[in-house]
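Everything on this sheet refers to the single structure shown next.
The values are calculated or read from the model by the stated rules, or taken from the named source; none is laboratory data. These numbers were taken from a predicted model, which means no experiment stands behind them. When we count neighbours, we look across all protein chains shown, and the Cβ atoms used for this are built from the backbone with ideal geometry, even at glycine. SASA here: full protein model, heavy atoms, side chains in, ligands and nucleic acids out. Shrake-Rupley method; radii C 1.70, N 1.55, O 1.52, S 1.80 Å.
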Amino acid sequence: MPIVIINKIMVKQLSKSKPKVALFDLDGVVFDTEPLYTRFWQEEGKRYHPEIPDFAYRIKGQTLVEIYERYFSQWVEEQPLITERLLAYEANMQYTYVANFESFARALRERGVKMAVVTSSNKEKMARVYKAHPELKEYFDAILTSEDFTRSKPDPDCYLKGAAMFGVRPDECVGFEDSFNGLKAVRAAGMPVIGLATTNSEEAIRPYCDLVIKDYTNWTHKILPFI
């Protein structure tokens, strides 16, 4: 059975003032790709940073530029090779929707909720995503990528820009995230947080969330009353 943990105080608050905008991270929230990226970066971590056993989890939510600046500055000549390996890896990835996301997105649209992707992925990666899923743009009113932000997660900059794009206050939005950096970014932006236990366990992300779900299956009726 899918996991659901509810912050009752926040749910009560949401039921009084329903969010106008839903902001979604991409990997682990829209697409079930985080385990694949974890596998890739874990191998890169073993190769370059064996002293950081949780390397793949530590870099989640950061842009590729930031990952290189923070962890690969001493291997500048290696960075193009890492990028090549990443692109080759992504070329063979299956961009599978998190269970029941599509019907959930349609339900939000029927209720007049605006939707946007807020991702640390760049436009080059998104071009590959659109090739695999051209219908993705139909689900969202906007898609913000790493090129749109000056600071990445856990900084709230990306989510604040998401709210500003629709001309609403942060507390009129709700953010969907899976990584620790992402969850912290939504919270720092002053938005209700719905966490997906696709990348980390529900016990691990519970302190950062108002609602925790495993995926969107059978829980549409649980989330929608507050949106």
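In the stretch 169-227, which helices (runs of 4 or more DSSP H) lie fully inside it and hold 2 or more residues that are modelled with pLDDT under 90? Full working, then the answer.
On the way: elements: 180-188, 202-205, 220-223.
Filter on the stretch 169-227 gives 220-223.
Please state which one of Gly61, Gly45 is out of contact with any Leu (no Cβ under 7 Å at 6 or more places or on another chain), among the small types (Gly, Ala, Ser), assigned to a loop (DSSP other than H, G, I, E, B) and crowded, with 19+ Cβ neighbours inside 10 Å.
None of the others qualify; the one that does is Gly61.
Conditions (1) over 21 Å from Ile205 (Cβ atoms); (2) part of a helix (DSSP H, G or I); (3) open to solvent by 70 Å² or more (accessible area, probe 1.4 Å); (4) at pLDDT below 90, marked per residue:
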{"position": "Ile9", "(1), (2), (3), (4)": "no, yes, yes, yes"}
{"position": "Pro35", "(1), (2), (3), (4)": "no, yes, no, yes"}
{"position": "Ile52", "(1), (2), (3), (4)": "no, no, no, no"}
{"position": "Arg70", "(1), (2), (3), (4)": "yes, yes, yes, no"}
{"position": "Glu78", "(1), (2), (3), (4)": "yes, yes, no, no"}
{"position": "Arg85", "(1), (2), (3), (4)": "yes, yes, yes, no"}
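Looking at (1) of a type outside the set (Gly, Ala, Ser); (2) more than 13 Å from Gly61 (Cα to Cα); (3) crowded, with 21+ Cβ neighbours inside 10 Å; (4) at pLDDT 95 or above, can you tell me which one Phe140 breaks?
Against the list (1) of a type outside the set (Gly, Ala, Ser); (2) more than 13 Å from Gly61 (Cα to Cα); (3) crowded, with 21+ Cβ neighbours inside 10 Å; (4) at pLDDT 95 or above, Phe140 comes up short only on (3).
Can you tell me how many residues in the stretch 119-156 are of a type in the set (D, E, K, R), without any contact (Cβ under 8 Å) to a residue 24 or more places away in the chain, farther than 21 Å from Ser103 by Cβ and not in a helix (DSSP H, G or I)?
Qualifying residue count for the region: 1.
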